[in-house]
Amino acid sequence: MISLNTLDYVIIFGFFAITLSIGLYVSKSSGKSSTEYFLSGRTMPWWLLGISMVATTFSTDTPNLVTDIVRTNGVSGNWVWWAFLLTGLLTVFVYARLWRRSNVNTDLEFYELRYGGKPARFLRGFRAVYLGVIFNVITMSAVTLAAIKIGGIMLGLEPWQTVVSAGLITVIFSAVGGFKGVVYTDFVLFFVAMGGAIGAAYYLVNIPEVGGIDALLSHEVVKEKLNILPDLNDKSALITLLIIPLAVQWWSSWYPGAEPGGGGYIAQRMLSAKNEKHAIGATFFFNIMHYAMRPWPWILVALASLVVFPDLESLQAAFPIVADDKLGHDLAYSAMLTKLPTGLLGLVLASLVAAYMSTISTQLNWGSSYIVYDFYKERVNPGASEKRLVAVGRLSTVGLMVLSALLALLLQNALQLFEILLVFGAGTGLIFILRWFWWRINAWSEITAMFISGILSLVLKLTPLGDYLFATDTGLLPDWAEYPLVVLVTTIAWLIATYATSPESKEVLYDFCRKIEPGGPGWKKVEQQSRAEGVELNSTGKKWSVPSGILAMIVGTVLIYSILFATGYWIYGRWVSASILTVLAIVSGTFLIMTWKKIKVSLT
């Protein structure tokens, strides 16, 4: 446990004051209507939305998760989330413009734009509860769990004390400030969080126990964790950490913040952008910062923690106040922060609070938007006034916070939850990608995928069948096969459901084409039918931009991975590899600018 000095308190409480002031300042304008409360009137610029996305994913559980991954599987273990860059850039160059063009209030409202009848209505209402409440509460509880561990190690707080103190201010400014309050405070939170992460990494790498970057990288325990790519001779690690994430996971799994085809709070920010260009700019800026610029401060602290706290026993000995059910490798990040000096300690604590508040406030506003638009207004009170919708939004914000706090008290570690969520959404991602570009997908496709994936995941995680099939050394199948199996079964099931049920009516398909103009071979049959009937679906005459978008996605992937790995090799002192990757980043960046010009033309 640490003791805070006056300077630390000044920094922390000054930060609280700023965030609360912003929330109160915008509360009047945010309360004018539900569109203002949840989308800020669709007037947000790309740079503000991009920073907000980065701040949201900065969360308190993210450095804990990265620390857990690095200590358990080495730096290469981060491929489990680095692979989602492919999803992110597909959203940037293909789906961002489509979402903004849809002009819906939430991504769930899309269901009744793309599908029709009772199945579409059921899907929208069910997922409002399924995602807006259940999944959202689970995600927020993971963030709150990280806050509990930080509070326990750094301040000696009981879990309930951390939950109350961390959640109270967050829920106040989230409830009164709405989406505008979230985005405006995110701008401040981003710089505080980034400054704290970089400052902590620099100081902790140079403490006497670690001895500086050269001593850290040459340490026996650390050297075996440094590889950016998994050991090619370790078949299990190669398949689990690299092949499955890159070959299957990125397109097949639904995960908050990295939904294939866009969705969730990322879609909320795209829908609030001024126009399609701003939606694209915001998501691209987010992906650069999220994957290329941000991971290394966390990775360095995780590597340094292996020197200071090489195993769980050393962590337990150093922090006996931590309960056994909260003990895990993710504690090491918080443990290292206890060694920070006055001033920097206050800044880093403020940065962690900032990360927590940013993520929770976004999840609260996003989840509340589902409850208001997709459940309350649709099923409970269709004639509700704007004032009533804002009131329900504020009330549901408080309710979601309470539920997530209670669940956080029952969880143990961040990596455990991350793996559960990944498997739970396995196999559904392909539908989210294809539904925009294949007319044959219908509401029953999504309903089938959702239930098969969820039920199968629960059976494998919570019953003896999972151990029977995938137990290490004794299972019928290797443990890495669990995720691909869920994807395969789910995909087969929803394809069968698609062809076993009727397609959407031509009226629904025609309306979707007029509004979105998806184009491509997947809509050729619908376009031919409309022409035969003398119905015009593409009034603007724009060419199909998806091929250019996919090319930009590939080039952008090369650019961001090059920056990410070049940064790592510069830190490692591997000058040749770093120089080659830096040149590759410059070349791919130049080519991306040329490709973007072609996409830009299609948006005008």
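The values are calculated or read from the model by the stated rules, or taken from the named source; none is laboratory data. Keep in mind that what you see is a predicted model, and the values were worked out from it rather than measured. As a convention, Cβ positions derive from the backbone with ideal geometry for all residues, glycine included, and neighbour counts pool all protein chains shown.
Values for this structure:
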quantity	calculated
Failed item, numbered, when Val248 is tested on (1) assigned to a helix (DSSP H, G or I); (2) closer than 27 Å to Leu345 by Cα; (3) among the hydrophobic types (A, V, I, L, M, F, W, C); (4) touching a helix residue (DSSP H, G or I) at 6+ places or on another chain (Cβ under 8 Å)	(2)
Counted residues, the stretch 432-481 - those being under 30 Å from Glu112 (Cβ atoms) and part of a loop (DSSP other than H, G, I, E, B)	8
Per-region count, the stretch 104-121, residues part of a helix (DSSP H, G or I), within 21 Å of Arg269 (Cα to Cα) and among the hydrophobic types (A, V, I, L, M, F, W, C)	1
Selected residue (criterion: nearest to Leu65 (Cα to Cα)) from residues of the stretch 297-352 that are in a helix (DSSP H, G or I) and of a type in the set (Asp, Glu)	Asp325
Test: Gly328 is free of Cβ contacts under 8 Å to residues at least 40 places away in the same chain and not acidic (Asp, Glu)	no
One residue from Arg124, Arg71, Arg101, Arg97 being within 30 Å of Leu303 (Cβ to Cβ), assigned to a helix (DSSP H, G or I) and over 19 Å from the mean Cα position of the chain (by Cα)	Arg71
Residue that is modelled with the highest pLDDT [pool: residues in the stretch 186-229 that are small (Gly, Ala, Ser) and crowded, with 19+ Cβ neighbours inside 10 Å]	Ala201
Residue check, Gln416 part of a loop (DSSP other than H, G, I, E, B), closer than 19 Å to Thr139 by Cβ, polar (S, T, N, Q) and modelled with pLDDT under 85	no
Criterion violated by Arg97 - all others in (1) within 23 Å of Asn136 (Cα to Cα); (2) buried (at least 22 other Cβ atoms within 10 Å of the Cβ) satisfied	(1)
Selected residue (criterion: nearest to the chain's Cα centre (by Cα)) from residues of the stretch 482-531 that are of a type in the set (Gly, Ala, Ser) and part of a helix (DSSP H, G or I)	Ala493
Residue ID - nearest to Glu517 (Cα to Cα), chosen from residues in the stretch 530-560 that are in contact with a helix residue (DSSP H, G or I) (Cβ under 8 Å, 6 or more places away or on another chain) and β-branched (Val, Ile, Thr)	Val546
Qualifying positions in the stretch 336-348 - closer than 17 Å to Ala302 by Cα and surrounded by 22 or more Cβ atoms within 10 Å (Cβ to Cβ)	Met336, Leu337, Leu340, Val348
Close pairs from the stretch 153-174: first in a loop (DSSP other than H, G, I, E, B), partner modelled with pLDDT of 75 or more and crowded, with 20+ Cβ neighbours inside 10 Å, Cβ under 7 Å, at least 6 apart	Leu157/Gly151
Top-ranked residue of the stretch 1-26 - restricted to ones that are under 14 Å from Val183 (Cβ atoms) and of a type in the set (Ser, Thr, Tyr), ranked as surrounded by the fewest Cβ atoms within 10 Å (Cβ to Cβ)	Tyr25
Matching entry among Ser305, Ser314, Ser272, Ser369 (being modelled with pLDDT of 85 or more and in contact with a strand residue (DSSP E or B) (Cβ under 6 Å, 6 or more places away or on another chain))	Ser272
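Here is a yes/no grid of residues against (1) within 23 Å of the chain's Cα centre (by Cα); (2) free of Cβ contacts under 8 Å to residues at least 60 places away in the same chain:
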position: Tyr184; (1), (2): yes, no
position: Met194; (1), (2): yes, no
position: Ala197; (1), (2): yes, no
position: Tyr203; (1), (2): no, no
position: Pro208; (1), (2): no, yes
position: Gly212; (1), (2): no, yes
position: Val222; (1), (2): no, no
